[in-house]
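Okay, structure first, notes after.
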Amino acid sequence: MNRFTKRLPQGFFALLAVAAMSFAPWQAHASLIGDTIEGTLHLNGFPQNYFDTTTPLGVAPVNAVVTDPGVEFTSFQPGTVFNISADFDSDELWLTFQNPLAGSFTSLPMNFWFEDLDWVPNPGIIVGLVNTGGLAPSSLNHTADDIHISFDPLLLTAGQTVMSHFEIITIHVPEPSTYLMLGTMAGFAILVAHRRKKVRA
């Protein structure tokens, strides 16, 4: 230990460790499982939401609770036309495109919007969205809690299925109770250092 560190008050390094915990990106376990997500699928810029299963199609986002296993969103006529589904996991997304017809089929340009992504039990923000395999999108964007993915027209032969996989990268922050605990630890470290200083005096 050098001369400088000897002069530091006792409890300084404990306080420094608490401060580092407070400002470092929080890596606590969190998941999308159990979260309610809003999903919208637009084809060629039309306002209708093709994740809507009503007739006629609505324009509002569809709400779905993330489950595993389970597909959260499907196109409005599965099994009869070009089928599209979106399956979320704890921190991943699979988009599936299927042509159940006897002949080839070319889709219209597709735009996916997934909004209000939260994490359970710790809140978080999206800092990255990566296409890790399968069909590559034409554009890929995100905000702190929304995802936007676009695809050019897709040609599928009879019975063909194509998938696209995405990893959702997030940073999670502590709950207020965690900040309270860290603040209490910091206050305790300061109090111990102060009392030891008085004893020496």
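The values are calculated or read from the model by the stated rules, or taken from the named source; none is laboratory data. Remember, predicted model here, so these are calculated numbers, not experimental data. Reconstructed Cβ throughout: ideal geometry from the backbone, glycine too, with neighbour counts over all protein chains shown.
A few notes on this one:
- Residue list for the range 67-123, filter: among the hydrophobic types (A, V, I, L, M, F, W, C) and farther than 16 Å from residue 40 by Cα: 81, 82, 101, 102, 105, 119, 120
- Residues of the range 75-119 that turn out to be under 12 Å from the mean Cα position of the chain (by Cα) and more than 17 Å from residue 169 (Cβ to Cβ), as a count: 2
Matching residues to (1) at pLDDT below 95; (2) of a type in the set (Gly, Ala, Ser); (3) on the phi < 0 side of the Ramachandran plot:
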| residue | (1), (2), (3) |
| --- | --- |
| 38 | no, no, yes |
| 51 | yes, no, yes |
| 57 | yes, no, yes |
| 77 | yes, no, yes |
| 86 | no, yes, yes |
| 96 | no, no, yes |
| 102 | yes, yes, yes |
| 107 | yes, yes, yes |
